[in-house]
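The structure appears below as structure tokens.
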Amino acid sequence: MRTVIKNGRIVTAVDDYNADILIEDGTISMIAKKIEIEADKVIDASGKLVIPGGIDPHTHMELPFGGTYASDDFKTGTVAAAFGGTTTIIDFAVQYHGQSLNQALDAWFAKAQGKTAIDYGFHMICTDLPDQRLPEIKSLIDQGISSFKLFMAYPGVFLVDDGTIFKAMSIAGESGGLICMHAENGLVIDVLVKRALAEGRTSPKYHALTRPTKAEGEGTGRAIALAEMANSPVYIVHLSCYDALRKVVEARDAGLPAYAETCPQYLFLDYTYYERENFEGAKYVMTPPLRDKENQEKLWRGLQMNDLQVVSTDHCPFCFKEQKELGRDDFSKIPNGGPGVENRMSLIYNGGVVSGKISINRFVEIVSTSPAKIFGLFPKKGTIAVGSDADIVIFDPNEEMTISATTHHMNVDYSCYEGFKVKGVTKTVLSRGKVIIEDGNYLGTPGDGQFLKRGHFNSPR
Ligand code: URP
Ligand code: ZN
Ligand code: ZN
């Protein structure tokens, strides 16, 4: 199968030029000023950007949480991702107490098998790591699961203690793996939550008010200190505020291998959303919570200065009706998480490039190239180059759209960005050379997405 993309403006993390692309058998085989060759399919990308497919390294399809499940499964969630220009996700498998890491992995393979519309990898959330299980970390790295999420929050469910974190970091660091840290002081947060509920403060805004930025700052500083002692890199997930960012900045200025991602919700939404009437604030109950608006410009600066390397989504949707409702009388029972996998590329293009905060190359870097490098997928993914997978997005930088739950493809009954007007729209998506999105239609076959056996952690810089 031969496909040629003609007349496009190819943008990678470092390049910006006009050329044609030849795709053969799923990979890019030639890039040249003009390609005149017999092809099965010719795509005219005149006036459009041709960019590497987005890589969202933080999703939770069908995650069990708070007595329910995230409402997107691997089919609906990956089709929605494709509509938004994301061609790879890295989802979080969960190890429950008593399970081996491989038992947990098998359960997530079973969820994804035959369903994914795009390529996918897994991180492993570890909740139970006695000493005899630590070697399983190296074994998972050898199987292509080269990153692990540990939680400093959610005592009794996900939280692991500092000794365990230190031991896991040591073994991951020496084996080419990466620890991804949910960095919030969960023990303090638990006290604050119990106090609030005892005082009758039950509405959604107390989710935010019981999770102060200092708790995230403390967790982030501690995670970095533990990583330094273990001589390992660390990656802070869903960083939401300046109190946490400045710990990362300090560490990176000291030359430590500390990395971090933020998410669109922290760049575009703020605490006031929790004050919406009729329980609407529950739509934004996610962890860490939305912060005061002044944090947003600090996060953008973090992206500009490369103190934040990635924008992921932490896509973890729960329907407003029936699922978020579970916490109508008690904010701590609202399932934590929100939708976003479909919106990331347009939101960051519009909010970053159109508004002049970041360059177009930096846009590609933070939504595709850096996650590919950090999570062992580069240069197969994350760039447009001869030999790379033809995961390509043809993106109209001038078209505008209005984000709405009435038109999105995610399996959730609301949008966090309802009514947001964005400039920059995904038009055509190729996954390993096959057109899967065209003219507003999904043309792929769920199950065509391949599991990605990822390589070792690689510093993006
Ligand atoms: O609220 C969130 N973020 N839900 C998903 C779990 C996590 O901590 O990433
Ligand atoms: Zn988390
Ligand atoms: Zn998450």
Residue count for the stretch 239-258, restricted to those that are in a helix (DSSP H, G or I) and surrounded by fewer than 24 Cβ atoms within 10 Å (Cβ to Cβ): 7
Qualifying residue in the stretch 354-374 (condition: in contact with a Lys or Arg (Cβ under 7 Å, 6 or more places away or on another chain) and closer than 11 Å to Ile55 by Cα): yes
Residue, least open to solvent (accessible area, probe 1.4 Å), within the stretch 306-325, restricted to residues that are over 20 Å from the mean Cα position of the chain (by Cα) and away from ligand 1 (no atom under 16 Å from the Cβ): Glu325
Any hit, the stretch 218-237, residues being of a type outside the set (A, V, I, L, M), open to solvent by 10 Å² or more (accessible area, probe 1.4 Å), away from ligand 1 (no atom under 16 Å from the Cβ) and assigned to a loop (DSSP other than H, G, I, E, B): yes
Test: residue in the stretch 349-370 that is of a type in the set (Phe, Trp, Tyr), over 18 Å from Thr78 (Cα atoms) and either over 19 Å from the mean Cα position of the chain (by Cα) or modelled with pLDDT under 95 (or both): no
Output for the stretch 115-165, where each listed residue is of a type in the set (Gly, Ala, Ser), surrounded by fewer than 19 Cβ atoms within 10 Å (Cβ to Cβ) and touching a residue at least 40 places away in the same chain (Cβ under 8 Å): Gly144
Qualifying positions in the stretch 79-94 - more than 16 Å from ligand 1 (Cβ to nearest atom) and either part of a strand (DSSP E or B) or touching a Pro at 6+ places or on another chain (Cβ under 8 Å) (or both): Val79, Thr86, Thr87, Thr88
Pair list, Cβ < 6 Å and 6+ apart or interchain, from the stretch 436-456 residues that are open to solvent by less than 70 Å² (accessible area, probe 1.4 Å) to residues that are among the hydrophobic types (A, V, I, L, M, F, W, C) and part of a strand (DSSP E or B): Ile436/Val429; Ile437/Val429; Gly444/Ile436
Where Arg328 falls short, out of the listed (1) surrounded by fewer than 24 Cβ atoms within 10 Å (Cβ to Cβ); (2) touching a residue at least 60 places away in the same chain (Cβ under 8 Å): (2)
Within the stretch 388-426, considering residues that are of a type in the set (D, E, K, R) and closer than 17 Å to Ala117 by Cβ, the one surrounded by the fewest Cβ atoms within 10 Å (Cβ to Cβ): Asp389
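The values are calculated or read from the model by the stated rules, or taken from the named source; none is laboratory data. Note that the coordinates shown come from a computational prediction; the quantities given were computed from them, not determined experimentally. Here Cβ is always computed from backbone atoms with ideal geometry, including for glycine, and neighbour counts include all displayed protein chains. Heavy atoms of the whole protein, side chains included, go into the accessibility calculation; ligands, DNA and RNA do not. Shrake-Rupley method; radii C 1.70, N 1.55, O 1.52, S 1.80 Å.
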